[in-house]
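Chemist: Before I ask anything, here is the structure I am working with.
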Amino acid sequence: MASVNAPVKVGRYLIVSQQSVDGGKAGRIAAQRVEGATKSPCCDKKSRLFVNMWPNSRMKRYLDSIVRRDLARKSVVLTGARQVGKTTLARQLMAEYAHAQYLNWDVAVDRALLREQSWNPRAELVVLDEIHKMPDWKSWLKGVIDGKAASQRVLVTGSARMETFRQSGESLAGRYLHLHLDPVSVREWCGHAGVSPDAALLHLIRRGGFPEPCLAETDDDAQRWRRQYSTDLVREDVLEFSRLHEVNTMRVFFDLLRERVGSPLSIASMARDLAVSPATLRRYLEILQALYVVIVVQPWHRNVARALLQAPKVYFYDTGLVKADDGVRFENAVAVMLRKQMNFVGDTKGLETGLHYIRTKDGAEVDFCLSCDGELTHLIECKLSDASPHRALLRFAEQFPHAESVQLVRDLRQFEARKTLSIAPAGEWLGQLDA
């Protein structure tokens with residue numbers, strides 16, 4: 001038996017929280033459409049309610065206030081893809097301090113200052129970029145954090161998952177707060193450009209969400225950036241992980257992935273095509289994931305080991321890199337924004353979040369499912385224009401009744417609520433995400 005709390009209106013949503021009195025576990029939240037709004041995903045440990053935090057009045061990266069708040073408490077580690085906006089955000093924060101200093105391990109002059117820790121002792125904010133490339137960086141950073149003045153703030157930025165670099169050494173547990181900076185979303189672009197969610201979604205599908213191509217004056221300018229970006233990524237960043245003679249094979253693998261977005265990936269088959277071992281390709285995939293180039297989506301299974309044995313799906317953080325039709329590019333854009341939302345919830349609420357997909361042995365599949373603390377919260381299917389309920393989504397909606405089921409349609413005239421699922425305009429629904 002469940003008790004139902006009073007409805008609470010948040011933005012354009014009416015949230016009805018149901019909490020089971022049997023066992024005290026959080027029950028299902030029903031988000032009802034109000035004033036033309038669609039359902040918003042949720043992932044809060046008790047109410048599973050996303051709280052919309054960011055104003056749409058101007059272009060403002062969604063982590064601006066979060067980084068500022070966290071710096072007042074601890075050192076902050078900010079990671080994300082190359083050129084996703086980490087340095088720009090850091091420099092904007094530096095402008096708020098009377099004395100601030102930026103040091104990059106990739107710059108020879110800065111490298112000497114970093115080794116000696118000889119930056120300005122009066123600096124109120126010190127930004128340390130790419131220090132994960134430094135030998136024994138964990139011990140070094142531990143010493144910096146433990147030895148700094150109480151009034152000094154330290155912001156560490158990096159274009160790779162820092163735990164993948166030289167994992168041995170001193171523990172940094174409890175010394176910093178970690179945040180992910182992800183590409184521009186529908187919500188952010190609506191705020192910057194003053195366009196509708198549908199228009200924002202189309203723009204992001206075409207340009208991707210990295211700031212430079214997103215803000216470029218023409219599609220040609222965006223494509224010139226992307227060509228150089230992908231070349232530099234494989235030629236320079238991948239070498240941090242692999243050997244020089246592997247770069248050509250990595251380039252071919254990278255290009256093959258661009259054509260196989262959204263489909264279960266057969267590593268064994270690709271390994272045969274490239275004349276390398278499956279173990280080698282799995283390592284390449286881990287490198288691309290560590291560099292925030294690709295999003296690897298594993299199938300949902302409560303047993304993690306069993307999930308890893310099944311074929312993953314791969315998406316690109318930069319939707320502009322996808323070589324496929326409109327439907328796949330749309331699905332990729334949705335994947336990027338869902339990954340961003342899960343990172344945001346995990347970073348700011350401390351919950352264990354996950355982005356997965358569901359596929360059965362008989363071929364029934366739903367594009368995405370979201371999990372929070374080990375429980376499914378959402379089932380999501382993507383369609384370009386088909387508003388008829390997806391058969392597999394209907395099936396899984398009945399199988400997982402406590403998860404919200406939604407079919408996102410890019411070209412949809414009107415929201416439709418059915419007994420077990422909702423059919424929602426994709427742009428409007430994605431625009432309601434927190435991040």
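Chemist: I'm checking my understanding of the structure. Among residues of segment 219-254 that are basic (K, R) and surrounded by fewer than 19 Cβ atoms within 10 Å (Cβ to Cβ), which one is modelled with the highest pLDDT?
Modeler: R224
Table: residues versus (1) assigned to a loop (DSSP other than H, G, I, E, B); (2) in contact with a His (Cβ under 9 Å, 6 or more places away or on another chain).
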position: S118; (1), (2): yes, no
position: I145; (1), (2): no, no
position: A160; (1), (2): yes, yes
position: L172; (1), (2): yes, no
position: H192; (1), (2): no, no
position: L202; (1), (2): no, no
position: G209; (1), (2): yes, no
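Chemist: Restricting to segment 139-164, count the residues that are among the charged types (D, E, K, R), farther than 16 Å from E116 by Cβ and surrounded by fewer than 20 Cβ atoms within 10 Å (Cβ to Cβ).
Modeler: 4
Chemist: If I go through segment 310-359 residue by residue, how many of them are over 19 Å from R410 (Cα atoms), among the β-branched types (V, I, T) and in contact (Cβ under 8 Å) with a residue 60 or more places away in the chain?
Modeler: Residues flagged as over 19 Å from R410 (Cα atoms), among the β-branched types (V, I, T) and in contact (Cβ under 8 Å) with a residue 60 or more places away in the chain within segment 310-359 amount to 3.
Chemist: Quick check: is even one residue across segment 176-193 surrounded by 14 or more Cβ atoms within 10 Å (Cβ to Cβ), touching an Asp or Glu at 6+ places or on another chain (Cβ under 7 Å) and hydrophobic (A, V, I, L, M, F, W, C)?
Modeler: yes
Chemist: Another question, if that's okay. On the given criteria, is V107 under 30 Å from S230 (Cα atoms) and under 22 Å from the mean Cα position of the chain (by Cα)?
Modeler: Against the criterion (under 30 Å from S230 (Cα atoms) and under 22 Å from the mean Cα position of the chain (by Cα)), V107 does not qualify.
Chemist: If I filter segment 413-433 for residues that are out of contact with any helix residue (DSSP H, G or I) (no Cβ under 7 Å at 6 or more places or on another chain), of a type in the set (F, W, Y), at pLDDT 95 or above and under 30 Å from A193 (Cβ atoms), do I get at least one hit?
Modeler: Yes - at least one qualifying residue is present in segment 413-433.
Chemist: Condition (residue is among the basic types (K, R), surrounded by fewer than 18 Cβ atoms within 10 Å (Cβ to Cβ) and touching an Asp or Glu at 6+ places or on another chain (Cβ under 9 Å)) applied to segment 361-376: is it met by at least one residue?
Modeler: no
Chemist: Inspect segment 231-249 for any residue being under 30 Å from M134 (Cβ atoms), touching a helix residue (DSSP H, G or I) at 6+ places or on another chain (Cβ under 6 Å) and in contact (Cβ under 8 Å) with a residue 40 or more places away in the chain and give the result as yes or no.
Modeler: Yes, there is a match, as at least one residue in segment 231-249 is under 30 Å from M134 (Cβ atoms), touching a helix residue (DSSP H, G or I) at 6+ places or on another chain (Cβ under 6 Å) and in contact (Cβ under 8 Å) with a residue 40 or more places away in the chain.
Chemist: Okay, moving on. Does A216 qualify as being assigned by TED's automatic domain parsing to the domain that holds Q289, modelled with pLDDT of 90 or more and crowded, with 18+ Cβ neighbours inside 10 Å?
Modeler: So A216 fails the test.
Chemist: From the list T360, T353, which one is assigned by TED's automatic domain parsing to the domain that holds I205, of a type in the set (S, T, Y) and in contact with a Leu (Cβ under 8 Å, 6 or more places away or on another chain)?
Modeler: Selected residue: T353, the only one of T360, T353 that is assigned by TED's automatic domain parsing to the domain that holds I205, of a type in the set (S, T, Y) and in contact with a Leu (Cβ under 8 Å, 6 or more places away or on another chain).
Chemist: Given segment 330-420, what strands (runs of 3 or more DSSP E) lie entirely inside it while holding 3 or more residues that are among the hydrophobic types (A, V, I, L, M, F, W, C) and farther than 23 Å from G320 by Cα?
Modeler: Those strands (runs of 3 or more DSSP E) span 365-372.
Chemist: What residue, among those in segment 118-138 that are of a type outside the set (A, V, I, L, M, F, W, C) and either surrounded by 14 or more Cβ atoms within 10 Å (Cβ to Cβ) or under 21 Å from D70 (Cβ atoms) (or both), is farthest from the chain's Cα centre (by Cα)?
Modeler: The qualifying residue farthest from the chain's Cα centre (by Cα) is E124.
Chemist: I need the full set of residues from segment 248-296 which are closer than 17 Å to V322 by Cα, in a loop (DSSP other than H, G, I, E, B) and polar (S, T, N, Q), in order please.
Modeler: Correct list: S263 only.
Chemist: Closer than 25 Å to E286 by Cβ and either in the same structural domain as R69 (by TED's automatic domain parsing) or touching a Ser or Thr at 6+ places or on another chain (Cβ under 6 Å) (or both): which single residue out of L233, L141, L155 fits that description?
Modeler: Of L233, L141, L155, the one residue that is closer than 25 Å to E286 by Cβ and either in the same structural domain as R69 (by TED's automatic domain parsing) or touching a Ser or Thr at 6+ places or on another chain (Cβ under 6 Å) (or both) is L141.
Chemist: Among the candidates I287, I295, which residue alone is in the same structural domain as T377 (by TED's automatic domain parsing) and at pLDDT 95 or above?
Modeler: After ruling out the rest, the residue left standing is I295.
The values are calculated or read from the model by the stated rules, or taken from the named source; none is laboratory data. Everything quoted here is computed from the prediction, not taken from an experiment. In this analysis, Cβ positions are derived from the backbone assuming ideal geometry, glycine residues included, and neighbour counts consider all displayed protein chains.
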